[in-house]
Amino acid sequence: MGKGERPEHMAPPDIFYNEDEARKYTTNSRMIAIQAALTERALELLALPQDGVPRLLLDLGCGSGLSGEALSEAGHVWMGLDISTAMLDVAAEREVEGDLVLNDLGHGLPLRPGSFDGAISISAVQWLCNADRSGHDPRKRMKRFFETLYACLRRGARAVLQIYPENHLQAEMLVASAMKVGFSGGLVVDYPHSTRAKKYFLVLMVGTSTAVPQAKGLDGSEPEDEEAAQIKMAGRDRFKRRKTGSGVKGRDWVLKKKEQMRKKGYDIAPDTKYTGRKRKRIV
């Protein structure tokens, strides 16, 4: 892919993110750092209660699980959906802690209504703005996605979708589609005056009219040495920890988190001899 080319213009996501691209994406220290930093910002905007109780979250367009790792490290339980079989295969090989589901977001989310405490998405939802195949209608696909996302979230929950819109029309189309199905909220643009650091987050709320969170860098400032700091903090260091096995959560950790969820009132599956074992991808 040449500099400045957008992946959406090259091929549909399930074709673009083939086995080679999936492995390259997952081992690139810069991409690891960027994914980690964006996920941490998405969690901040999600504004979950800081009470030590793990929440059940969705990771939409989860890829190889880089963003999911940040959710696990924050103590949450998650399910990841992605259209790329190759990406999900890499996630399974890396033994990420979330459940993995093969799914085209444009077909809607096949999930139980009101079952999730929040949702994030990193660099995925803008793909819905494109007609990748004959018969694809971007507006209908966005409508189906946002309708089912709204339905599967609990009242008061948020969805934070980090996007790379190609232009302001795409951004407006995504916001309008979300508002039509009942979401409140809007766009949060961090560092809006910076070409390098500008980031778009679509912050959506279910059943509330809370003000949209404040963006960073509204005074024209930029993050100091952002990329180098991210790579050191969230890229090489995090990748090294996973490779050496440090901080891997086993059966005892899983049992503890499940018990916390039960006390909170969630319907959690009984503990069995399989609890805490490596999870397989759901197709």
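When ligands, DNA and RNA are left out and all protein chains stay put, how many square angstrom of accessible area per residue does segment 8-238 have with a 1.4 Å probe?
On the way: 9930 Å² over 231 residues.
In whole numbers, segment 8-238 has 43 Å² accessible per residue.
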Give the aspartates and glutamates reachable from residue 256 as a straight Cα distance under 13 Å; neighbours fewer than 8 places away on the same chain don't count. 271
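What does the net charge come to around residue 79 if you take all other residues with beta carbon closer than 9 Å to its beta carbon, with K and R at +1 and D and E at -1?
Details: positive: none; negative: 59, 99.
Spelling it out: positives minus negatives among the neighbours equals -2.
Compute the length gained on full extension between residue 155 and residue 194: take 0.36 nm times their separation in residues and subtract their Cα-Cα distance, giving the result in nm to one decimal. List each step's numbers first, then the result.
Details: separation 39, 0.36 × 39 = 14.04 nm, distance 3.51 nm.
Result: 10.5 nm gained on full extension.
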Provide the per-residue ³J(HN,Hα) series for segment 99-113, in order, calculated from phi with Karplus coefficients 6.51, -1.76, 1.60 and θ = phi - 60°, each as a whole number of Hz, with x at glycine and proline positions. 6, 10, 10, 7, 7, 8, 4, x, 8, x, 9, x, 10, 5, x
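Assign unit charges at the C-beta atoms only (+1 for Lys and Arg, -1 for Asp and Glu), then state the dipole size of segment 8-238 relative to its Cα centre in Debye, rounded to the nearest 20.
Details: 24 positive and 32 negative charges, 165 e Å.
Charge dipole of segment 8-238: 800 debye, to the nearest 20.
What's the magnitude of the charge dipole for segment 163-221 around its Cα centre, counting Lys and Arg as +1 and Asp and Glu as -1 at the beta-carbon? Answer in Debye, nearest 20. Intermediate values should be presented prior to the final figure.
On the way: 5 positive and 4 negative charges, 19 e Å.
Result for segment 163-221 is approximately 100 debye, rounded to the nearest 20.
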Using 0.36 nm per residue, how much length does the chain from residue 269 to residue 15 gain when fully extended, once their Cα-Cα distance is taken away? 87.9 nm
Spin-label model distance (nm) - residue 107 vs residue 221, 7 Å beyond Cα toward Cβ: 4.6 nm
In nm, give the distance between the simple-model label positions of residue 93 and residue 53, each being 7 Å from the Cα along the Cα-to-Cβ direction. 3.9 nm
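Within segment 8-238, count lysine pairs with alpha carbon atoms under 13 angstrom apart where the residues are 8 or more positions apart or belong to different chains.
Close lysine pairs found across segment 8-238: 4.
Charges only on Cβ, +1 for Lys and Arg, -1 for Asp and Glu: so what's the dipole of segment 132-201 about the Cα centre, in debye to the nearest 20? Could the numbers behind the result be given before it?
Values: 13 positive and 6 negative charges, 49 e Å.
Dipole of segment 132-201, to the nearest 20 debye: 240 debye.
State the percentage of accessible surface on segment 8-238 attributable to carbon and sulfur atoms; use a 1.4 Å probe and exclude ligands, DNA and RNA. All intermediate terms of the calculation are to be shown ahead of the outcome.
On the way: 4960 of 9930 Å².
Ligands and nucleic acids excluded, carbon and sulfur give 50 percent.
Give, as a single signed number, the net charge of other residues whose beta carbon lies under 11 Å from the beta carbon of residue 128, with Lys and Arg counted +1 and Asp and Glu -1.
On the way: positive: 139, 140, 141, 143, 144; negative: 8, 104, 132, 137.
Residues close to residue 128 contribute a combined charge of +1.
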Simple label model, 7 Å out from Cα along Cβ direction - residue 212 to residue 139, nm: 2.2 nm
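The values are calculated or read from the model by the stated rules, or taken from the named source; none is laboratory data. Predicted, not measured: the structure shown is a model, and the values here were computed from it. So basically every Cβ, Gly included, is an ideal-geometry build from the backbone, and we count neighbours across all protein chains shown. Accessible surface areas use protein heavy atoms only, side chains included; no ligands, DNA or RNA. Shrake-Rupley method; radii C 1.70, N 1.55, O 1.52, S 1.80 Å.
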